[in-house]
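Right, one structure below, let's go through it.
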């Protein structure tokens, strides 16, 4: 018994010097927001051009039009607009295509892009504009 007490008296202080540190518990939740696509009520979308917001829309033949105020519209000569990241987009051979340099074009996946307002836009096969809100 004396040996057990003696051993405990020596080992206990040594064991107390070592402590187990547990990682603090955090309530961390990962989540994903699912939004619905809705048909655009205005059929217009914004883009930045020379620091200004420009509004764009398509006519029934797929021609691109632009406006600074949403009231007076002009045909877009180059037929292209930019997304939030500055990539050029245009309709070419009945497809939505994009380019970073204006020379090499490829089809836009799912025909959707992020507008300068942070919303996502896409065209369907009939060139109807949809917005993810």
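Roughly what % of Cα-Cα distances in the stretch 75-123 sit above 17 Å, to the whole percent? Percentage above 17 Å: 27. Once both labels are positioned 7 Å from their Cα atoms along Cα-to-Cβ, the gap between residue 95 and residue 117 label points is 2.9 nm.
The modelled label-to-label distance between residue 48 and residue 126, using points 7 Å beyond Cα along the C-beta direction, is 3.5 nm. Legend: ranking of residues 108, 133 from fewest to most surrounding C-beta atoms inside 10 Å; resulting order 133, 108.
Compactness check for the stretch 38-132: Cα Rg over 2.2 N^0.38 Å is 0.98.
Each value in this text was obtained by applying a stated rule to the coordinates, not by laboratory testing. All of these numbers come straight from a predicted model, not from anything done at the bench. Cβ coordinates were reconstructed from backbone atoms using ideal geometry, including for glycine residues, and neighbour counts include every protein chain displayed.
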